[in-house]
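What follows is a short report on a single structure.
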Amino acid sequence: MRLAILFSGQGNQLPAHLERLRESVAPELGAALSRAIPSVWAVSELPAGELQANRVAQPLIFALQMNLWRQLQPHLPRPVCVAGYSLGEMAACCAAGAFPAEAGLGLCATRAGLMDACVEGPAGLLAVIGPRAPEMEALARQISTPLDWDACLGAVLEMQPDAVLEIGPGNALARMWGERESAVPVRASDDFRTVAGIIEWVRARA
């Protein structure tokens, strides 16, 4: 069969994802997490708000995705393509063999640090008041231009997948795919309770 893999970005991570990672993380990846975020990885319980900070979220999400991919890969057909949204691009590159997971985790920690260094003080959602409609349209185009996810999904479709699997956290990409290409079955890893359930679903599409 022809399987496509999508890796999600940042924003839907929950304490349950951290617990799942602690329970099944590969030793090498766990050691890399200890080096990248020692104060977090050593804590048994982490407030949900802490998981939203770049310095915590990005290494953890990447590790979660790579750890699950390592569990799935031996049992699934080789994907015809892998793609990632924002932070998920790092996981997609790693899954494609561009660099090992342990090195990728270090890159994600560096990425998060550089992003945080661009902001002075706490950051959150943005509201803009005052500009006229043409200025707002120009601003909207500028914000929306860097990442054309619809075009990315179109490129994935050109690979003619029989099924699409999103490796989370979350299921936003799976929902986007389902709305765009309902003829091609899609699920997200967060839809399943076990790794075996994911494998069974993919094999049933063959």
Identify, by number, the condition in (1) under 16 Å from residue 9 (Cβ atoms); (2) touching a strand residue (DSSP E or B) at 6+ places or on another chain (Cβ under 7 Å) that residue 94 doesn't meet. (2)
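Okay, residues lined up against (1) in contact with a helix residue (DSSP H, G or I) (Cβ under 9 Å, 6 or more places away or on another chain); (2) farther than 29 Å from residue 2 by Cβ; (3) at pLDDT below 85:
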| residue | (1), (2), (3) |
| --- | --- |
| 46 | yes, yes, yes |
| 66 | yes, no, no |
| 69 | yes, no, no |
| 78 | no, no, no |
| 81 | yes, no, no |
| 84 | yes, no, no |
| 101 | yes, no, no |
| 123 | yes, yes, yes |
| 128 | yes, yes, yes |
Report whether or not residue 73 is under 22 Å from residue 171 (Cβ atoms) and either in contact (Cβ under 8 Å) with a residue 40 or more places away in the chain or among the aliphatic types (A, V, I, L, M) (or both). no
I'm trying to understand the selection: among the residues of segment 1-41, which are under 24 Å from residue 154 (Cβ atoms), surrounded by fewer than 15 Cβ atoms within 10 Å (Cβ to Cβ) and out of contact with any Asp or Glu (no Cβ under 7 Å at 6 or more places or on another chain)? 11
Can you name the residue in segment 148-206 that is free of Cβ contacts under 8 Å to residues at least 40 places away in the same chain, surrounded by 13 or more Cβ atoms within 10 Å (Cβ to Cβ) and β-branched (Val, Ile, Thr) and, of all such residues, is nearest to residue 2 (Cα to Cα)? 184
Within segment 172-204, which residues are at pLDDT below 95 and in contact with a Ser or Thr (Cβ under 8 Å, 6 or more places away or on another chain)? 172, 173
Within segment 6-42, how many residues turn out to be among the polar types (S, T, N, Q) and part of a helix (DSSP H, G or I)? 3
Would a scan of segment 18-34 turn up a residue that is under 21 Å from residue 174 (Cα atoms) and among the β-branched types (Val, Ile, Thr)? no
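The values are calculated or read from the model by the stated rules, or taken from the named source; none is laboratory data. All of these numbers come straight from a predicted model, not from anything done at the bench. Positions of Cβ are backbone-derived with ideal geometry, glycine not excepted, and every protein chain shown enters the neighbour counts.
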